[in-house]
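Participant: Handing you a structure now.
The values are calculated or read from the model by the stated rules, or taken from the named source; none is laboratory data. What you are looking at is a predicted structure, and each value in this text was computed from that prediction instead of being measured. Because the Cβ atoms are built from the backbone with ideal geometry, glycine has one as well, and the counts that use them run over all protein chains shown. Heavy atoms of the whole protein, side chains included, go into the accessibility calculation; ligands, DNA and RNA do not. Shrake-Rupley method; radii C 1.70, N 1.55, O 1.52, S 1.80 Å.
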Amino acid sequence: EQDFAALCQVCVPAGTIFQLESTGNQPLRFLQTTAPNSTPSSSAPPAQPQEPVLVCPWPGDKGFPRNERQRGGILVFQPEFECDYHSHDRAEEVFYFFEGEGDVTVEGQVLRVGPGDAVVTPADTKHKFKTFDKTLGMWLMVAPNLVPSHTFYKQREDGSWERLPARA
(Lines give C-alpha, C1' and ligand atoms only; values in the text may rest on other atoms or scores of the structure.)
Protein backbone atom coordinates (compact mmCIF):
# COMPACT_ATOMS: atom_id res chain seq x y z
CA GLU A 1 0.00 0.00 0.00
CA GLN A 2 1.31 3.45 -0.92
CA ASP A 3 -0.05 6.92 -0.08
CA PHE A 4 0.40 9.81 -2.52
CA ALA A 5 0.02 13.41 -1.38
CA ALA A 6 0.91 15.14 -4.66
CA LEU A 7 1.63 14.62 -8.31
CA CYS A 8 3.71 11.51 -8.90
CA GLN A 9 4.34 8.84 -11.47
CA VAL A 10 3.96 5.15 -10.81
CA CYS A 11 5.25 2.32 -12.98
CA VAL A 12 3.33 -0.91 -12.45
CA PRO A 13 4.94 -3.94 -14.13
CA ALA A 14 2.84 -6.23 -16.32
CA GLY A 15 1.05 -8.90 -14.32
CA THR A 16 0.77 -6.76 -11.16
CA ILE A 17 -2.71 -6.42 -9.69
CA PHE A 18 -3.31 -2.91 -8.34
CA GLN A 19 -6.08 -0.60 -7.17
CA LEU A 20 -6.24 3.21 -7.11
CA GLU A 21 -8.37 4.76 -4.39
CA SER A 22 -8.92 8.37 -3.30
CA THR A 23 -8.63 8.72 0.47
CA GLY A 24 -8.84 12.52 0.60
CA ASN A 25 -11.26 15.28 -0.33
CA GLN A 26 -9.92 15.73 -3.87
CA PRO A 27 -10.95 13.48 -6.74
CA LEU A 28 -8.32 11.05 -7.97
CA ARG A 29 -7.06 11.96 -11.43
CA PHE A 30 -4.75 9.68 -13.34
CA LEU A 31 -3.51 8.84 -16.80
CA GLN A 32 -2.85 5.21 -17.58
CA THR A 33 -0.71 4.12 -20.51
CA THR A 34 0.44 0.68 -21.52
CA ALA A 35 3.80 -0.05 -23.09
CA PRO A 36 3.82 -2.62 -25.89
CA ASN A 37 3.97 -6.09 -24.48
CA SER A 38 3.52 -9.61 -25.78
CA THR A 39 -0.04 -10.88 -26.05
CA PRO A 40 -0.79 -13.67 -23.58
CA SER A 41 -0.92 -17.02 -25.32
CA SER A 42 -3.41 -18.51 -22.87
CA SER A 43 -6.08 -17.48 -20.41
CA ALA A 44 -3.85 -18.49 -17.50
CA PRO A 45 -3.23 -15.79 -14.86
CA PRO A 46 -0.12 -13.70 -15.52
CA ALA A 47 3.13 -14.82 -13.96
CA GLN A 48 4.51 -12.95 -10.96
CA PRO A 49 6.03 -9.65 -12.08
CA GLN A 50 9.81 -9.57 -12.29
CA GLU A 51 10.11 -5.83 -11.58
CA PRO A 52 9.01 -3.84 -8.50
CA VAL A 53 6.34 -1.16 -8.52
CA LEU A 54 8.22 2.15 -8.81
CA VAL A 55 6.89 5.39 -7.30
CA CYS A 56 8.53 8.69 -8.27
CA PRO A 57 7.08 11.71 -6.41
CA TRP A 58 7.08 15.17 -7.97
CA PRO A 59 9.03 17.31 -7.32
CA GLY A 60 11.94 15.04 -6.72
CA ASP A 61 13.13 12.01 -8.63
CA LYS A 62 12.11 12.45 -12.25
CA GLY A 63 13.30 8.99 -13.25
CA PHE A 64 11.14 6.37 -14.88
CA PRO A 65 11.98 2.78 -15.75
CA ARG A 66 14.08 2.49 -18.87
CA ASN A 67 13.92 -0.92 -20.48
CA GLU A 68 13.29 -2.40 -23.92
CA ARG A 69 9.54 -1.68 -23.63
CA GLN A 70 9.55 1.97 -22.52
CA ARG A 71 11.32 5.06 -21.30
CA GLY A 72 9.97 8.35 -20.07
CA GLY A 73 9.25 10.46 -17.04
CA ILE A 74 8.52 14.03 -16.05
CA LEU A 75 9.99 16.75 -18.24
CA VAL A 76 9.73 20.51 -17.73
CA PHE A 77 10.70 22.93 -20.52
CA GLN A 78 11.78 26.40 -19.43
CA PRO A 79 10.02 29.59 -20.64
CA GLU A 80 10.74 30.76 -24.19
CA PHE A 81 12.12 27.34 -25.23
CA GLU A 82 11.69 25.56 -28.55
CA CYS A 83 13.04 22.07 -29.21
CA ASP A 84 14.12 20.73 -32.60
CA TYR A 85 11.67 18.98 -34.92
CA HIS A 86 12.22 15.26 -34.36
CA SER A 87 10.63 11.82 -34.49
CA HIS A 88 11.14 8.41 -32.90
CA ASP A 89 11.75 5.58 -35.36
CA ARG A 90 9.23 2.76 -34.85
CA ALA A 91 8.22 4.19 -31.42
CA GLU A 92 5.10 6.06 -30.27
CA GLU A 93 5.28 8.88 -27.73
CA VAL A 94 2.54 9.88 -25.27
CA PHE A 95 2.49 13.28 -23.51
CA TYR A 96 0.28 14.42 -20.62
CA PHE A 97 0.59 18.11 -19.71
CA PHE A 98 0.16 19.18 -16.08
CA GLU A 99 1.61 22.71 -15.96
CA GLY A 100 1.93 25.78 -18.17
CA GLU A 101 0.94 26.36 -21.77
CA GLY A 102 2.71 25.79 -25.06
CA ASP A 103 2.45 24.71 -28.66
CA VAL A 104 3.05 21.21 -29.93
CA THR A 105 3.64 20.97 -33.68
CA VAL A 106 2.85 17.52 -35.11
CA GLU A 107 3.56 17.07 -38.82
CA GLY A 108 2.99 20.80 -39.37
CA GLN A 109 -0.23 21.05 -37.34
CA VAL A 110 0.09 23.36 -34.33
CA LEU A 111 -1.80 22.37 -31.17
CA ARG A 112 -2.09 24.65 -28.12
CA VAL A 113 -1.72 22.53 -24.96
CA GLY A 114 -2.10 23.10 -21.24
CA PRO A 115 -2.90 21.26 -18.01
CA GLY A 116 -5.05 18.18 -18.57
CA ASP A 117 -4.25 17.85 -22.30
CA ALA A 118 -2.73 14.71 -23.78
CA VAL A 119 -1.05 14.23 -27.16
CA VAL A 120 -0.05 10.95 -28.81
CA THR A 121 2.48 11.00 -31.64
CA PRO A 122 2.53 7.81 -33.71
CA ALA A 123 5.85 6.20 -34.63
CA ASP A 124 7.93 8.12 -37.20
CA THR A 125 5.82 11.30 -36.74
CA LYS A 126 7.69 14.63 -36.65
CA HIS A 127 6.93 16.82 -33.64
CA LYS A 128 8.35 19.69 -31.55
CA PHE A 129 7.45 21.89 -28.56
CA LYS A 130 7.49 25.63 -27.96
CA THR A 131 6.91 27.34 -24.62
CA PHE A 132 5.88 30.90 -23.90
CA ASP A 133 6.46 32.99 -20.77
CA LYS A 134 6.00 30.07 -18.32
CA THR A 135 7.36 26.56 -17.96
CA LEU A 136 5.61 23.66 -19.71
CA GLY A 137 5.45 20.55 -17.53
CA MET A 138 4.60 17.14 -18.94
CA TRP A 139 4.81 13.44 -18.30
CA LEU A 140 5.91 11.44 -21.33
CA MET A 141 6.51 7.86 -22.40
CA VAL A 142 8.22 6.52 -25.53
CA ALA A 143 7.44 2.91 -26.39
CA PRO A 144 9.16 0.75 -27.34
CA ASN A 145 12.54 2.07 -26.18
CA LEU A 146 14.68 1.71 -29.30
CA VAL A 147 18.24 2.96 -29.77
CA PRO A 148 19.04 5.27 -31.44
CA SER A 149 15.91 7.01 -30.25
CA HIS A 150 15.76 10.41 -32.00
CA THR A 151 15.76 11.38 -35.65
CA PHE A 152 16.06 15.14 -36.21
CA TYR A 153 15.08 17.18 -39.26
CA LYS A 154 16.46 20.31 -40.90
CA GLN A 155 14.18 22.55 -42.94
CA ARG A 156 15.31 23.14 -46.51
CA GLU A 157 14.97 26.47 -48.32
CA ASP A 158 11.94 25.14 -50.23
CA GLY A 159 10.11 24.40 -46.93
CA SER A 160 10.52 20.61 -47.07
CA TRP A 161 12.29 18.68 -44.31
CA GLU A 162 15.59 16.82 -44.60
CA ARG A 163 15.95 13.77 -42.35
CA LEU A 164 19.26 13.80 -40.46
CA PRO A 165 21.04 10.66 -39.18
CA ALA A 166 19.37 9.15 -36.09
CA ARG A 167 21.02 9.72 -32.72
CA ALA A 168 20.55 8.64 -29.12
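Participant: Once you place label points 7 Å from the Cα toward the Cβ at R90 and N25, how far apart are they in nm?
Facilitator: Label at R90, label at N25, 5.2 nm between them.
Participant: Using a 1.4 Å probe and counting only protein heavy atoms, arrange V120, V147, V106 so the residue with the most accessible area comes first. Before the final figure, lay out each step's value.
Facilitator: Numbers: V120 90, V147 125, V106 25 Å².
Result, largest first: V147, V120, V106.
Participant: Another one. Once both labels are modelled 7 Å past Cα along the beta-carbon direction, what's the T105-K130 spacing in nm?
Facilitator: Between T105 and K130, the label points sit 0.6 nm apart.
Participant: Keeping all protein chains in the complex and leaving out DNA, RNA and ligands, what accessible area do you get for T135 with a 1.4 Å probe, in Å² to the nearest 10?
Facilitator: Using a 1.4 Å probe on the heavy atoms, I get roughly 40 Å².
Participant: Heavy atoms only, probe 1.4 Å: what % of the accessible area of region 94-155 goes to carbon and sulfur, would you let me know? Walk me through the intermediate numbers first.
Facilitator: Details: 1440 of 2770 Å².
Heavy-atom surface of region 94-155 belonging to carbon and sulfur, 1.4 Å probe: 52 percent.
Participant: When all protein chains stay in place, what accessible area (Å², nearest 10, 1.4 Å probe) is found for F129?
Facilitator: Rounded to the nearest 10, that gives 10 Å².
Participant: Based on Cα positions only, what radius of gyration and what Dmax would you give for region 107-162, in angstroms?
Facilitator: Radius of gyration, then largest Cα-Cα span, for region 107-162: 13.6, 37 Å.
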